[in-house]
1. Restricting to the stretch 109-142, name every residue that is without any contact (Cβ under 8 Å) to a residue 40 or more places away in the chain and more than 28 Å from residue 78 (Cα to Cα).
2. Just the residues that are within 20 Å of the chain's Cα centre (by Cα) and open to solvent by 30 Å² or more (accessible area, probe 1.4 Å), please, taken from the stretch 132-160.
3. Suppose we keep only residues that are touching a helix residue (DSSP H, G or I) at 6+ places or on another chain (Cβ under 9 Å) and outside any strand (DSSP E or B) within the stretch 161-198. Which one would you say is surrounded by the most Cβ atoms within 10 Å (Cβ to Cβ)?
4. Quick test for you: out of 11, 59, 52, pick the one residue that is at pLDDT 75 or above and assigned to a helix (DSSP H, G or I).
5. Of everything in the stretch 62-77, what is buried (at least 18 other Cβ atoms within 10 Å of the Cβ) and either assigned to a loop (DSSP other than H, G, I, E, B) or among the basic types (Lys, Arg) (or both)? Give them in sequence order.
6. Which of the strands (runs of 3 or more DSSP E) found entirely inside the stretch 78-117 contain at least 2 residues meeting this: open to solvent by 40 Å² or more (accessible area, probe 1.4 Å) and either at pLDDT below 95 or not acidic (Asp, Glu) (or both)?
Amino acid sequence: MKPTRLIYCFALLHLILSCSSNDDSNNNSDLFSNYVTQCNDGTTTITGGKAAYWDFANAKPIGLTQIPLIQNPGQQFIHSLQPLLGFTIPQGFTAFELTNPQTQTIGVDVFRNDNAVFFRWIPSSSVIGQQIPSQNFIANEINNLFAFYNFNGTPEVLCSEFKQQVFSTIPMEFNARLLRFNGRIAQVWIITTYAAGSTYITTSITTAPEAEYDAQVANTFLPINYQLYVDNNGGIVDNDMDGFDILRDPDDNDPNVP
């Protein structure tokens, strides 16, 4: 399996570890009205959708009793170079394909048409021949986010996490922030994986006005994640139906592989 494919699988694994489901109701209302968690420092308490989505990003079970679905389905997005990166977006949103052959970047930006709500998912990007700390990438993404929303102040850091681990002999870093700025909430996380003297990067960003953020978690952000990697029974997607799910199949579009 190629390093980029392996890194892509790590990114999927990180997302689905926190997924659970035992009901297929399609009503997302009040999914997280009583949800409470503590940030990784063990002292800061957060509530509602932002708390659930923080735990989700940190691969912690969030106790869903139903699969979150898009309530007002709009267009279908499929990445031209990676069909596995495909999902339905809500009405009133537009998806923009991200592709950069030089950095092997595959991803997508999803904006609500007023630009007030934003979802970025880049499962695969790389810097060949260099090993760069995750802090560099998360700082760049946060600064770009602030610039887009014309914010020049100091954000309130609600939660922060940094951890290093070795996955099957391959070192990885996870770096995440939950921020409040300019009347909005943003969650940004980065996974950097170091293999063959290079850095492979996975990026996730979500933001919305604070008054809307919990609703966007339930109705936009989590439903998109579930479409990408979780089937209607709460299991891992097997696109080519060959018995090997997306995490174990070197080509999940070809039933003859493996």
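The values are calculated or read from the model by the stated rules, or taken from the named source; none is laboratory data. The model shown is predicted, which means the values in this text are computed figures rather than measured ones. Don't worry about glycine lacking a Cβ; one is built from the backbone with ideal geometry, like all the others, and counts go over all protein chains shown. The protein model used for the area step is the full one, side chains on, heavy atoms only, and it has no ligands, DNA or RNA in it. Shrake-Rupley method; radii C 1.70, N 1.55, O 1.52, S 1.80 Å.
1. Matches in the stretch 109-142: 136, 139.
2. 133, 135, 136, 137, 139, 140, 143, 144, 148, 157, 160
3. 182
4. The match here is 52.
5. Hits for the stretch 62-77 are 62, 64, 67, 68, 69, 70.
6. Passing ranges, in order: 93-100.
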